[in-house]
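Worksheet: the structure to be examined is printed underneath.
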Amino acid sequence: MAMFARFMIFIALCAARIPVYGQTQVAPHKCETKPITAIRIEKPKGWTLDFIDKSTVLSTGRAPAVYGPGQEIVQTKLGLKENRIELPEIVVNPCDYSTTLNQLYLRVMQVSRFSKGGKTFAYVVTGAKMAGPEPGATEFGTAIFVTFLDISGNGKFEMMRTSGAPLPELPDWIR
């Protein structure tokens, strides 16, 4: 009976998380990592780029030589139908791996089309992040670049990249 009573006390102490026989209690892990924003979002049917006025050409020229010799990449600056757009923004909490879908509000300052041999492979939007969609909303920091990329060569811009440089990467089909 005495053995049973000692066993029950041991069980009660373990359930109450009281250290027994040199065991130490581990404090719960506190995650202090900041959320991460997804930088690439794929949309298989392609992104709607209705805010771009593809018929209004502001300037055309060769893209910077960073693509290497013989690439012949053409950069065309285009007009706008709208200068404020909303894009999805996926935020990942690295502590519990949960995700949140937010809206990214952007005041568009410039749009460039990138093409090779007459085939467009990317649009790069230069803009300022805004606090909301309304005119006069607070703008945050410096310009950001959002790239819409045709990764398969089918004329659909299925990849959106929300960070990076003002020059898009070359998809495999354009090289």
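The values are calculated or read from the model by the stated rules, or taken from the named source; none is laboratory data. All values derive from a computational prediction rather than experimental measurement. For neighbour counting, all protein chains shown are included, and Cβ atoms are generated from backbone atoms with ideal geometry for every residue, glycine included.
So which of Phe140, Phe121 is at pLDDT 90 or above and either aromatic (Phe, Trp, Tyr) or surrounded by fewer than 16 Cβ atoms within 10 Å (Cβ to Cβ) (or both)? Steps first, please.
Details: Phe140 fails: at pLDDT 90 or above.
Answer to the selection: Phe121.
What is the one condition in (1) hydrophobic (A, V, I, L, M, F, W, C); (2) within 22 Å of Glu139 (Cα to Cα); (3) surrounded by 11 or more Cβ atoms within 10 Å (Cβ to Cβ) that Leu101 does not satisfy?
Checking Leu101 against (1) hydrophobic (A, V, I, L, M, F, W, C); (2) within 22 Å of Glu139 (Cα to Cα); (3) surrounded by 11 or more Cβ atoms within 10 Å (Cβ to Cβ), the one that fails is (3).
Looking at the stretch 24-40, I want the residues that are surrounded by 10 or more Cβ atoms within 10 Å (Cβ to Cβ) and of a type in the set (Gly, Ala, Ser) and have a partner that is at pLDDT 80 or above and not in a loop (DSSP other than H, G, I, E, B) with Cβ atoms under 8 Å, at least 6 apart or on another chain. Which pairs are those?
Here the result reads Ala38/Glu89; Ala38/Ile90; Ala38/Val91; Ala38/Val92, each pair linking the stretch 24-40 to a residue that is at pLDDT 80 or above and not in a loop (DSSP other than H, G, I, E, B).
Answer yes or no as to whether Phe140 is part of a loop (DSSP other than H, G, I, E, B) and at negative phi. Explain how you work it out, then say what you get.
Numbers: part of a loop (DSSP other than H, G, I, E, B): no; at negative phi: yes.
So Phe140 does not fit the description; no.
Looking at the stretch 87-109 only, could you name the residues that are over 14 Å from Phe148 (Cβ atoms), in a strand (DSSP E or B) and either of a type outside the set (D, E, K, R) or in contact with a His (Cβ under 7 Å, 6 or more places away or on another chain) (or both)? Can you show your working first?
Narrowing the stretch 87-109 to residues over 14 Å from Phe148 (Cβ atoms): 89-103, 105, 107, 109.
Checking which are in a strand (DSSP E or B) leaves us with 89-92, 99-103, 105, 107, 109.
Once the filter is applied, which keeps residues that are over 14 Å from Phe148 (Cβ atoms), in a strand (DSSP E or B) and either of a type outside the set (D, E, K, R) or in contact with a His (Cβ under 7 Å, 6 or more places away or on another chain) (or both), the stretch 87-109 yields Ile90, Val91, Val92, Thr99, Thr100, Leu101, Asn102, Gln103, Tyr105, Met109.
Before we move on, is Asn102 modelled with pLDDT under 95, polar (S, T, N, Q) and within 30 Å of Cys31 (Cα to Cα)?
In short, yes.
So which residues in the stretch 86-111 are hydrophobic (A, V, I, L, M, F, W, C), in contact (Cβ under 8 Å) with a residue 40 or more places away in the chain and farther than 28 Å from Glu32 by Cβ, if there are any at all? Break it down stepwise before answering.
Here is the first cut: in the stretch 86-111, the residues hydrophobic (A, V, I, L, M, F, W, C) are 87, 90-92, 95, 101, 104, 106, 108-109, 111.
If we keep only those that are in contact (Cβ under 8 Å) with a residue 40 or more places away in the chain as well, we get 87, 90-92, 95, 104, 106, 108, 111.
Answer for the stretch 86-111, where residues must be hydrophobic (A, V, I, L, M, F, W, C), in contact (Cβ under 8 Å) with a residue 40 or more places away in the chain and farther than 28 Å from Glu32 by Cβ: Leu87, Leu106, Val108, Val111.
Which one of these is surrounded by fewer than 17 Cβ atoms within 10 Å (Cβ to Cβ), within 21 Å of the chain's Cα centre (by Cα) and over 30 Å from Lys30 (Cβ atoms): Pro133, Pro168, Pro94? Don't jump to the end; show me each part of the working.
Working: Pro168 fails: surrounded by fewer than 17 Cβ atoms within 10 Å (Cβ to Cβ); Pro94 fails: over 30 Å from Lys30 (Cβ atoms).
Step by step, each of Pro133, Pro168, Pro94 is checked, and only Pro133 is surrounded by fewer than 17 Cβ atoms within 10 Å (Cβ to Cβ), within 21 Å of the chain's Cα centre (by Cα) and over 30 Å from Lys30 (Cβ atoms).
Among the residues of the stretch 147-163, are any surrounded by fewer than 16 Cβ atoms within 10 Å (Cβ to Cβ), outside any loop (DSSP other than H, G, I, E, B) and in contact with a strand residue (DSSP E or B) (Cβ under 6 Å, 6 or more places away or on another chain)?
Of the stretch 147-163, the ones surrounded by fewer than 16 Cβ atoms within 10 Å (Cβ to Cβ) are 152-156, 163.
Going one step further and asking which of them are outside any loop (DSSP other than H, G, I, E, B), we end up with none.
No, the stretch 147-163 contains no residue that is surrounded by fewer than 16 Cβ atoms within 10 Å (Cβ to Cβ), outside any loop (DSSP other than H, G, I, E, B) and in contact with a strand residue (DSSP E or B) (Cβ under 6 Å, 6 or more places away or on another chain).
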